[in-house]
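Trainee: Structure below; questions to follow.
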Amino acid sequence: ETLDTLKAIRKLPATATLDQTNQFALIRLEAMAHLGKTNFTVAERLVLDARRKYPQQPAVLETLAQVYMLSSRFNDALATLDQQLKAFPNDASPLMNKAAVHFRVKAYEPCISTLDALLKKQPQHLLALELRAAANLQLKRLDAAKADYEAIRKFAPKAPAAHFSLGELAFQQKQTRDAITHYEAFLKLVSPDAKEAAQARERLRELKAAR
């Protein structure tokens, strides 16, 4: 359906007058539609052709990296993201995407070092803090993970996920008072049927029964 709609749009006279940004937006939509049908080769070809046509468009390299990530070509994705960083050094998105690729392939140390570089530029980048915390958890660095979740709570006091994660860390470390505080804060911020709400309630019952 998306491909048919795009085909119809391309036939409109006004399409020929679109600027580069909007021309590539159409190409990107077409590439993503092919990705959705697992036509990875076609999606890659579309974006590579666009790269030759619009070399100054930042979204081209970002989209090419997404094509490689979604087709599990992680080395190609990393190489493309490095090219994006070189071409657009002030853009934070390739650092975030690069860290996500490292996390996906369980390369947690490179993931953390990439996020360190991003967070030096944008200390309040919540997704970067959350991903770095997750990477540190994979490496059993509980204190480092806790510091990132605390930072998220500081920058976004009403972010329920930070409270839940801090509750889980405190629970694992047998810090009963902190665990109760964070689980209760989490439950105040979410609906009763929210994801992980049942687990938080069960943890609270267990903790309070043991006091």
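The values are calculated or read from the model by the stated rules, or taken from the named source; none is laboratory data. In this text the structure is predicted, and so the values were computed from the model without any measurement. For neighbour counting, all protein chains shown are included, and Cβ atoms are generated from backbone atoms with ideal geometry for every residue, glycine included. Side chains included, ligands, DNA and RNA excluded: accessible areas come from the protein's heavy atoms. Shrake-Rupley method; radii C 1.70, N 1.55, O 1.52, S 1.80 Å.
Trainee: Mind listing just one residue for me: the one in the range 26-53 that is within 22 Å of residue 95 (Cα to Cα) and over 21 Å from the mean Cα position of the chain (by Cα) and, of those, surrounded by the most Cβ atoms within 10 Å (Cβ to Cβ)?
Mentor: That would be 47.
Trainee: Further question on the same structure: Taking residue 66 as meeting all but one of (1) of a type in the set (S, T, N, Q); (2) more than 21 Å from residue 130 (Cβ to Cβ); (3) modelled with pLDDT under 95, write down the number of the exception.
Mentor: (2)
Trainee: A further question on this structure: Tally up the residues in the range 85-94 that are surrounded by fewer than 23 Cβ atoms within 10 Å (Cβ to Cβ) and in contact (Cβ under 8 Å) with a residue 12 or more places away in the chain, please.
Mentor: 6
Trainee: Looking only at residues that are without any contact (Cβ under 8 Å) to a residue 12 or more places away in the chain and open to solvent by 70 Å² or more (accessible area, probe 1.4 Å) in the range 6-17, which one is farthest from the chain's Cα centre (by Cα)?
Mentor: My answer is 13.
Trainee: Counting only residues that are exposed (fewer than 13 other Cβ atoms within 10 Å of the Cβ) and in a helix (DSSP H, G or I), which one in the range 122-157 is nearest to the chain's Cα centre (by Cα)?
Mentor: Taking the range 122-157 first, the residues exposed (fewer than 13 other Cβ atoms within 10 Å of the Cβ) are 123-124, 140, 143, 154, 157.
If we keep only those that are in a helix (DSSP H, G or I) as well, we get 143, 154.
Details: 143: 22, 154: 20 Å.
Among them, the one singled out is 154.
Trainee: Oh, and also: For residue 47, are the conditions met, namely being assigned to a helix (DSSP H, G or I) and touching a Leu at 6+ places or on another chain (Cβ under 6 Å)?
Mentor: Numbers: assigned to a helix (DSSP H, G or I): yes; touching a Leu at 6+ places or on another chain (Cβ under 6 Å): yes.
Answer is yes for this residue.
Trainee: So, residue 82, is that one open to solvent by 60 Å² or more (accessible area, probe 1.4 Å), of a type outside the set (Val, Ile, Thr) and closer than 22 Å to residue 135 by Cβ or not?
Mentor: yes
Trainee: Of a type outside the set (Val, Ile, Thr), in a helix (DSSP H, G or I), within 26 Å of residue 88 (Cβ to Cβ) and in contact with a helix residue (DSSP H, G or I) (Cβ under 7 Å, 6 or more places away or on another chain): is that true of residue 119 in this structure?
Mentor: Taking the combined requirement at face value, the residue satisfies it.
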